[in-house]
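The values are calculated or read from the model by the stated rules, or taken from the named source; none is laboratory data. Everything numeric in this text was worked out from a predicted model, so none of it was measured. Quick reminder, even Gly has a Cβ in these numbers, built from the backbone with ideal geometry, and neighbours come from all protein chains shown. All accessible areas refer to the heavy atoms of the entire protein, side chains included, with ligands and DNA or RNA removed. Shrake-Rupley method; radii C 1.70, N 1.55, O 1.52, S 1.80 Å.
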Amino acid sequence: MNIVLLGAPGAGKGTQAANIVTEYDVAHISTGDILRAAVKAQTPLGVEAKSYMDAGGLVPDSVVIELVKERLQENDTEKGFILDGFPRTSTQAVALATELSELGRDIDIVIAVSVDPDVIVERLASRRLCRNCSYIGSASDTSCPVCHGEMYQRDDDRAETVRNRLEVYEKATTPLIEYYRGRDLLTEVDGDRPVEEVYASIKKLLDKLN
Ligand code: AMP
């Protein structure tokens, strides 16, 4: 099962992707996670990406596309994958379609998690991540409930950067919703509900495909 998950920053993509990976045993491809790991390791990719990420902008298409192409060639993606945070531009969507057709694979479903933008700034301001296992929690988690690692706030979750990320999403990524609707792949899910309810809706969709 090959899944694309779309949604504004703070829509809950990461949390839902983690649930899907656990239940359906697909490879998790999060460009944000890959880029953050590269920044932390100070690789050439990380050094290049950091300034765009800190400003809440998008890392150039050419960089991200190459990264996903390489990742899709790894064996674990053959059992299925979930793309979380990619594609984010039309250029990336077209590159993905080309790469998948070269690999003889297809996207089975695109799930767009929609959320009220007013809710997002508040949600992201209280978001905390585990430094060790990337668990996504909130300001009330003093340590990671999964592995007891240290929780931290992402630099780009500060309010002014969040606003920029939302604008970027609106401009660059919203057109993808129409792109995938036109290809009959899109299903929208209401993300303004408790995590478990959103996941139950997603699970219903995925079980129909399985
Ligand atoms: P995320 O964790 O998905 O919110 O991504 C964090 C940041 O990484 C974004 O604000 C971008 O700067 C960068 N990024 C992640 N995925 C992409 C992508 N597909 N295209 C361009 N930049 C990306």
**Request:** Could you bin all the Cα-Cα distances of segment 19-113 into 10 Å bins starting at 0 and give me the percent of pairs in each, rounded to whole numbers?
**Result:** 15, 48, 32, 6
**segment 93-210: antiparallel DSSP beta bridges as a percent of all, rounded to 5** = 55
**Request:** Just round it to a whole percent: the fraction of Cα-Cα distances in segment 79-175 exceeding 19 Å.
**Result:** 57
**Complete:** The FRET efficiency for Asp184 and Ser140, from their Cβ-Cβ distance with R0 = 41 Å and rounded to 0.05, is 0.50
**For the chain, accessible area per residue (1.4 Å probe, heavy atoms of protein chains only), Å²** = 50
**Item:** Cα gyration tensor shape for the chain, rounded if a/c is under 1.5, else prolate or oblate
**Value:** rounded
**Request:** Among DSSP beta bridges lying fully in segment 1-159, give the percent that are antiparallel, nearest 5.
**Result:** 30
**Asked** If you stretched the chain out fully between Asn164 and Asp108, how much longer would it get, using 0.36 nm times the residue separation minus the C-alpha to C-alpha distance?
**Response** 17.1 nm
**Asked** Given 10 °C and 1.306 mPa s, how large is the Stokes-Einstein diffusion coefficient of segment 138-210 in µm²/s, with Rh as the Kirkwood radius over Cα pairs?
**Response** 101
**Message:** Using only the heavy atoms of the protein chains and a 1.4 Å probe, how would Cys130, Cys147 rank by accessible area, largest first?
**Reply:** Cys147, Cys130
**Prompt:** Given only helices, namely DSSP H runs of n ≥ 4 each adding -39500 (n - 2.57), what is the per-residue ellipticity at 222 nm of the chain, to the nearest 500 deg cm²/dmol?
**Reply:** -15000 deg cm²/dmol
